[in-house]
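**Q** Following this message is one structure expressed as structure tokens.
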Amino acid sequence: MGKRFPCHKISEGCASAPAIITHERVMFYQVRPEDGMMDEKNHEIRGKIIAKKVLIFPGGKGSSVVQQDGLYHLDRFGNMPSALIVKNPDPVLVAGAIIMEIPMVDRLGDDFYETVKDDDIITVNADEGYVEIN
């Protein structure tokens, strides 16, 4: 059992996967649906795969259409993130996570963000209100 951090459930569910962290907002329309790779020019995680990972990020960006379309295509190709840990959820991102049934949480303390590293195995249990670094 690893270190647990309390969180707030936005979208229900549980998932465990490697973490990928970005300090920049994410436009899911700029993620290639065929392989889940971030393709946005000059993005901090350009060239990295978010598919089947726990994405830790500040929030979404872009219009509701591009956000939902991006998530839809990732789902269609089976390359959705396993879970989302977000600092600043917006209504578009929240709706997308709920519709696509991606576990999503927020309100983690600074101690979580100071502890977590890329590729740590993270368990997001939105239903029970915790995130665990395994």
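Read the figures in this text as sums done on the coordinates, not as results from a lab. Values in this document were obtained by computation on a predicted structure and should not be read as measured data. Note that we place each Cβ from the backbone using ideal geometry, even for glycine, and neighbour counts take in every protein chain shown.
**Q** Return the loop-located GluC sites (Glu not before Pro) in region 64-134 (DSSP other than H, G, I, E, B) with at most 15 other Cβ atoms within 10 Å of their own Cβ; answer none if there are none.
**A** Sites meeting the loop and neighbour criteria: Glu101, Glu128.
**Q** When only alpha-carbon atoms are used, what values of Rg and Dmax, in angstrom, describe region 2-103?
**A** When restricted to the Cα atoms of region 2-103, Rg and Dmax are 12.4, 38 Å.
**Q** Once both axes come from the Cα atoms, what is the angle between helix 64-76 and the longest principal axis of the chain, in degrees from 0 to 90, rounded to 10?
**A** 80 degrees
**Q** Using 18 Å as the cut-off for backbone N distance, which residues of region 1-26 belong to the label zone defined by a point 7 Å from the Cα of Asn134 along Cα→Cβ?
**A** 1-6, 13-21
**Q** Quick check: the distance between the Cα centres of region 18-69 and region 75-134, to the nearest angstrom?
**A** Region 18-69 and region 75-134 have Cα centres separated by 13 Å.
**Q** Which trypsin sites (Lys or Arg not before Pro) does region 83-117 hold that lie in a coil by DSSP with at most 12 other beta carbons within 10 Å?
**A** Lys117
**Q** Still on this structure, I have one more. Only Cα pairs under 8 Å and at least 6 apart count here; give the relative contact order of the chain as a rounded whole percent.
**A** 39 percent
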